[in-house]
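Peer 1: This is the structure I have questions about; it appears just below.
The values are calculated or read from the model by the stated rules, or taken from the named source; none is laboratory data. Predicted model, so just to flag it, every value in this text is computed and none were measured. So basically every Cβ, Gly included, is an ideal-geometry build from the backbone, and we count neighbours across all protein chains shown. Only protein heavy atoms, including side chains, enter the accessible area calculation; ligands, DNA and RNA are left aside. Shrake-Rupley method; radii C 1.70, N 1.55, O 1.52, S 1.80 Å.
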Amino acid sequence: KPNSPAKLAPAYVTVDTPTKTFASGSVVVNVASNNPEAIIRYTTDGAAPTNEIGAESSVYTEPLIFTENTLLRTRAYLPGALPGPIETRAYFRLEADAAAFTSNLPTIIIDSFGGRSIPSAGSPTRLPMIMAIFEPKDIGNGVMRSSMMNPPDLVTRMGSRKRGSSSGGWPKNHFSVEAWTENNYEEKNIEPLEFGSDNDWILGSFYQFDRALIRNPFIYDISRQIGRYAARTQHVELWNNLR
């Protein structure tokens, strides 16, 4: 039996405006391919772009202008070639209080961009989301502050669900987080906030159990100091639109 016909090398997409935040006005995003013969398709609803007949995603023909929170996913298609890799960029429109907010702690945004409610603790499913991390920067005289108006230090797709048993119904939830590739449920390792490389993370709130947020971190630190394993922790400011 003969082999299948050979495929050309896939075309790639370049998005000239990286993931960013803005407080007013708009963001103009230009997209290009390394092959001028390629068709670039895109989505803004979180779905992967497709070239399937009858379900084709929008074709990129001119710069895109975003004035609200937008999740842009792009992919290049070249006749006779495999589809190119998907590229995802996120654009966060911040309200005035968020734009003006700074902290001596790292700041994290997690956003589902209009996705459904986050699955409950123990659910076999996860909600696709974007996580952006902003680490403190020197604002002068050695003062370190994080700001969501700075370029993010790490951006990743992720899948999240609530975490906990008795704490699973608290007004402020724990979140179980998996860092994902461009494919849902395909895990990838990340190294946020100088932690070691891994794909599974916890955003813990301890809303009623430990409002000072020091009980677990203190015991973990003591455990590490005596040479025993314990999880590493980092206090952060978390902004989200989950429900």
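Peer 1: Leaving ligands, DNA and RNA out of it, report the carbon-plus-sulfur percent of the accessible area of region 158-243 at a 1.4 Å probe.
Peer 2: Answer for region 158-243: carbon and sulfur cover 47 percent of the accessible area.
Peer 1: Let me make sure I get this right: for region 13-169, a, b and c are the square roots of the gyration tensor eigenvalues over alpha carbons, sorted descending. Under 1.5 in a/c it's rounded, otherwise prolate if a/b > b/c, else oblate. Which is it?
Peer 2: It comes out oblate by the Cα gyration axes.
Peer 1: Please report how many Lys pairs in the chain have alpha carbons closer than 30 angstrom, counting only residues at least 8 apart along the chain or sitting on separate chains.
Peer 2: The result is 10.
Peer 1: Give me a comma-separated list of calculated 3J(HN,Hα) values for region 51-63, in order, Karplus coefficients 6.51, -1.76, 1.60 applied at θ = phi - 60°, integers in Hz, x for any Gly or Pro.
Peer 2: Per residue, the Karplus-derived 3J(HN,Hα) values read 10, 5, 4, x, 9, 5, 6, 4, 8, 6, 10, 7, x Hz.
Peer 1: Amide H neighbours of Leu238 under 5 Å, counting only residues 5+ apart in sequence or on other chains, H built in-plane at 1.01 Å?
Peer 2: Here Ile108 satisfy the definition.
Peer 1: Starting at the first residue of region 125-141, write each ³J(HN,Hα) from the Karplus equation 6.51 cos²θ - 1.76 cosθ + 1.60 with θ = phi - 60°, in whole Hz, x for Gly and Pro.
Peer 2: Running phi through 6.51 cos²θ - 1.76 cosθ + 1.60 with θ = phi - 60° gives 10, 9, 8, x, 8, 10, 10, 10, 10, 10, 8, x, 10, 6, 9, x, 6 Hz.
Peer 1: Taking amide H atoms as placed 1.01 Å from N in the peptide plane, list the residues 5 or more away in sequence, or in a different chain, whose amide H sits under 5 Å from that of Leu94.
Peer 2: Under 5 Å from the amide H of Leu94: Phe22, Ala23.
Peer 1: Report in % the part of the accessible area of region 68-130 that belongs to carbon and sulfur, leaving out ligands and nucleic acids; probe 1.4 Å.
Peer 2: Carbon plus sulfur share of accessible area: 54 percent.
Peer 1: Related question: Tilt of helix 215-225 relative to the longest C-alpha principal axis of the chain, in degrees (0 to 90, nearest 10)?
Peer 2: 90
Peer 1: Just to confirm the filter: which trypsin sites (Lys or Arg not before Pro) across region 93-170 are DSSP coil and have at most 11 other Cβ within 10 angstrom of their Cβ?
Peer 2: Sparse-neighbourhood loop trypsin sites (Lys or Arg not before Pro): Arg116.
Peer 1: Something else about it: Spelling out what I want: for every residue of region 157-165, take phi, set θ = phi - 60°, compute 6.51 cos²θ - 1.76 cosθ + 1.60 (Karplus), and round to whole Hz; glycine and proline get x.
Peer 2: Those phi angles translate into 6, 7, x, 9, 8, 5, 9, x, 10 Hz.
Peer 1: Restricting to the chain, compute how many DSSP beta bridges are antiparallel as a %, nearest 5.
Peer 2: 85
Peer 1: Next up: Counting only heavy atoms of protein chains, what accessible area per residue, in Å², does the chain have with a probe of 1.4 Å?
Peer 2: Solvent-accessible surface per residue comes out at 57 Å².
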